[in-house]
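Participant: Here it is: the structure, laid out below.
The values are calculated or read from the model by the stated rules, or taken from the named source; none is laboratory data. In this text the structure is predicted, and so the values were computed from the model without any measurement. Neighbour counts run over all protein chains shown; Cβ positions are idealised from the backbone, glycine included. Side chains are part of the model used for accessible areas, which takes the heavy atoms of the whole protein and leaves out ligands, DNA and RNA. Shrake-Rupley method; radii C 1.70, N 1.55, O 1.52, S 1.80 Å.
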Amino acid sequence: MRLIQNPVIRGFNPDPSILRVQDDYYIAASTFEWFPGIQIHHSRDLANWHLIGHALTSPSQVDLRGIVDSGGVWAPSLSHWDGQFWLMHTNVRTRVTNFKDVGVYLSNAQDILGPWSEPVYLNSIGFDPSLFHDDDGRKWVVNMMWDFRKNHNAFAGIVIQEFDQSTRQLVGPMTEVLKTNAQNDGPNIYKRDGYYYLMMAEGGTGWNHGISMARARKITGPYEMDPNGSLLTTRDDQANPLQKSGHGELVQTPSGDWFLVHLCCRPVPPERRSMLGREVALQRVAWSEDGWLRLEQGGAHPQVEVRAPEELAEAPWPATPERDDFDSTTLDVNWSSLRVPVTENWLSLTERPGWLRLRGRECQHSLFEQSLIARRLQDFRCVAETCVEFEPDHFTQMAGLICYYDTRTYYYLRITHDEERGVVLGIVLSDDTVYDELIASEIMVHWKRYFLRAEIDHASLRFSVSPDGRKWKAIGPTLDASKLSDDYGRWLHFTGAMVGICAQDIGGTKKQADFDYFQMSTGS
């Protein structure tokens, strides 16, 4: 018997939306402030997944300049109907106190790889929408409704409104179909045996997270809640390896087996921080005799190992290369930039063939124009390494290797210039409320090349440096890598740890740094 090992997609890929089109399976995931928007993974056996591209690839499709940390692209929802792919997403522009300025958008494509159409704005009533295609030809947008008022449940209920395909607008009344005391969002509708089933995330996306369901004979309700309570949760099972499980969607195989995709976290002791972010898992589900969805094994707790579909042959993908020598003229699909797309005015793979050139721009706290690219941390053990040629002549110029969560929290091994000592190499950090604190004494360096390394082992992070890539010298103390997580700091976060390279020139001269390679060796 072949088993699926959870999580099936490791590292920061939250709010998974799953879709089958003939023999192909796709999962779309949230990307927040990272560009391009909406990662899309592909599988042929539900067990092996690989990243094939992104849906939002131009600033006209998603504008993230100035977006707050953990704002931006939330909870995509994929569907396929009328020979087209349909994709809904939210762009969250404001997260101040209890206010949220959100935009709900819809895009289409003939091919999952695009090009995706320019998004059509639909409403701003709440986040995490989905599109339901009814068998009578009508289409419906289902949304949670957000209430910013004090002394009100912010998760104000689930609403539904018809979508007119000819005008690409919402039409008719917006109907509130369900109101509960739970924090319900991420609604999706499925139709089966004369019932409309409403699947919802519940309890917020933290330790109280879960999935619940309701059903009705009419799409506009009234809906009755599942009498058994949560379909999936770990809120009462702290020993379960897949914590925070919730926010899911359904997919059916050609033979009729049902699977539930959901997000989960694997916290690192002793602080129980989820530095890999929210990951993707799959569970087997089945319909009970009285017409409710249940986990196949019973109960509401997810399993790490799940029986794979017998009718699907194993279909592994080639392993993602650990090393990028920057020999291509285009950036590998696994790289992401902050808020803005990669353009030749700040990143070039052609000006010096075999090298990646970054031109320094704004500081590492900027919400607008950072020269930073990074890859998701996907394992608890990781060695990241790069080689850079950089000749700073002013303290406003920096470049190096960064372990990054967001503008409030990162560790940065960087080269810069000091008026008295010349070129120096050291570590700076931002620790939620303490910005750009220098840790460990800077060392003066006069090397032609700087080899930089970060070694992560669960909650431990150590930096080291070398002039030749052979003899390495540790720099600074052992750092707490688990702070690069949703669970650290005073603010509610939603992303995951990233490791990458960056350059700053706060003085505006666009000083260049040339990177020879980036290698990320992992092992859980």
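Participant: I need the full set of residues from the range 86-104 which are hydroxyl-bearing (Ser, Thr, Tyr) and open to solvent by 60 Å² or more (accessible area, probe 1.4 Å), in order please.
Facilitator: Across the range 86-104, the qualifying residue is only THR97.
Participant: Could you pull out the residue among ASP128, ASP147, ASP135 that is under 22 Å from the mean Cα position of the chain (by Cα), farther than 16 Å from PHE85 by Cβ and charged (D, E, K, R)?
Facilitator: Within the list ASP128, ASP147, ASP135, the selection yields ASP128.
Participant: Here is a follow-up. Being touching a strand residue (DSSP E or B) at 6+ places or on another chain (Cβ under 8 Å), part of a strand (DSSP E or B) and without any contact (Cβ under 8 Å) to a residue 12 or more places away in the chain: is that true of GLU389 here?
Facilitator: no
Participant: If I ask for residues that are in a strand (DSSP E or B) and surrounded by fewer than 16 Cβ atoms within 10 Å (Cβ to Cβ), which ones from the range 176-194 would you list?
Facilitator: Hits for the range 176-194 are GLU176, LYS191, ARG192.
Participant: For the range 198-251, how many residues are touching a residue at least 40 places away in the same chain (Cβ under 8 Å), hydrophobic (A, V, I, L, M, F, W, C) and open to solvent by 40 Å² or more (accessible area, probe 1.4 Å)?
Facilitator: Qualifying residue count, the range 198-251: 1.
Participant: Can you go through ALA315, ALA399, ALA374, ALA384 and tell me which one is over 17 Å from GLN504 (Cα atoms), surrounded by 22 or more Cβ atoms within 10 Å (Cβ to Cβ), at pLDDT 95 or above and of a type outside the set (Asp, Glu)?
Facilitator: Going through ALA315, ALA399, ALA374, ALA384 in turn, just one is over 17 Å from GLN504 (Cα atoms), surrounded by 22 or more Cβ atoms within 10 Å (Cβ to Cβ), at pLDDT 95 or above and of a type outside the set (Asp, Glu): ALA384.
Participant: Within the range 332-349, can you find the residues that are touching an Asp or Glu at 6+ places or on another chain (Cβ under 8 Å) and without any contact (Cβ under 8 Å) to a residue 40 or more places away in the chain?
Facilitator: Once the filter is applied, which keeps residues that are touching an Asp or Glu at 6+ places or on another chain (Cβ under 8 Å) and without any contact (Cβ under 8 Å) to a residue 40 or more places away in the chain, the range 332-349 yields only ASP332.
Participant: If I go through the range 7-55 residue by residue, how many of them are part of a loop (DSSP other than H, G, I, E, B) and out of contact with any Cys (no Cβ under 7 Å at 6 or more places or on another chain)?
Facilitator: 20
Participant: Residue check, THR350 against (1) among the β-branched types (Val, Ile, Thr); (2) under 25 Å from the mean Cα position of the chain (by Cα); (3) modelled with pLDDT of 95 or more, all met but one. Which one?
Facilitator: That leaves (2) as the condition not met.
Participant: Okay, next question. I'd like the full set of residues that are under 13 Å from the mean Cα position of the chain (by Cα) and assigned to a loop (DSSP other than H, G, I, E, B), limited to the range 328-343.
Facilitator: If the condition is that a residue be under 13 Å from the mean Cα position of the chain (by Cα) and assigned to a loop (DSSP other than H, G, I, E, B), then ASN334, TRP335 are the ones that fit.
Participant: If you don't mind, another one. For the range 417-435, check the following and say yes or no: at least one residue is touching a Pro at 6+ places or on another chain (Cβ under 9 Å) and not aliphatic (A, V, I, L, M).
Facilitator: Among the residues of the range 417-435, at least one is touching a Pro at 6+ places or on another chain (Cβ under 9 Å) and not aliphatic (A, V, I, L, M), which makes the answer yes.
Participant: Considering the range 219-240 alone, what residues qualify as being under 29 Å from ASP24 (Cβ atoms) and under 26 Å from the mean Cα position of the chain (by Cα)?
Facilitator: Kept after step one, since they are under 29 Å from ASP24 (Cβ atoms), are these residues of the range 219-240: 219, 231-232.
Answer for the range 219-240, where residues must be under 29 Å from ASP24 (Cβ atoms) and under 26 Å from the mean Cα position of the chain (by Cα): LEU231, LEU232.
Participant: Looking only at the range 445-473, which residues are open to solvent by 60 Å² or more (accessible area, probe 1.4 Å) and either in contact with a Ser or Thr (Cβ under 7 Å, 6 or more places away or on another chain) or in contact (Cβ under 8 Å) with a residue 24 or more places away in the chain (or both)?
Facilitator: HIS446, LYS448, ARG449, GLU455, ASP457, ARG462, TRP472, LYS473
Participant: Of the residues in the range 20-53, how many are touching a Gly at 6+ places or on another chain (Cβ under 6 Å) and closer than 16 Å to GLY114 by Cβ? Outline the logic, then answer.
Facilitator: Initial filter on the range 20-53 (touching a Gly at 6+ places or on another chain (Cβ under 6 Å)): 31-33, 40.
With the extra rule that they be closer than 16 Å to GLY114 by Cβ, the set shrinks to 31, 40.
Total satisfying the criteria: 2.
Participant: Please identify the pairs in which a residue from the range 289-305 that is closer than 21 Å to VAL251 by Cβ has its Cβ atom under 9 Å from the Cβ atom of a residue that is open to solvent by 50 Å² or more (accessible area, probe 1.4 Å) and of a type in the set (A, V, I, L, M), counting only partners at least 6 apart or on another chain.
Facilitator: Close Cβ pairs satisfying both conditions: GLU305/LEU3.
Participant: Return the total of residues in the range 460-472 being part of a loop (DSSP other than H, G, I, E, B) and of a type outside the set (Asp, Glu).
Facilitator: Residues meeting the conditions: 5.
Participant: For the range 419-440, give me each residue that is at negative phi and either open to solvent by 40 Å² or more (accessible area, probe 1.4 Å) or of a type in the set (Lys, Arg) (or both).
Facilitator: GLU419, GLU420, ARG421, THR433, VAL434, TYR435, GLU437, LEU438
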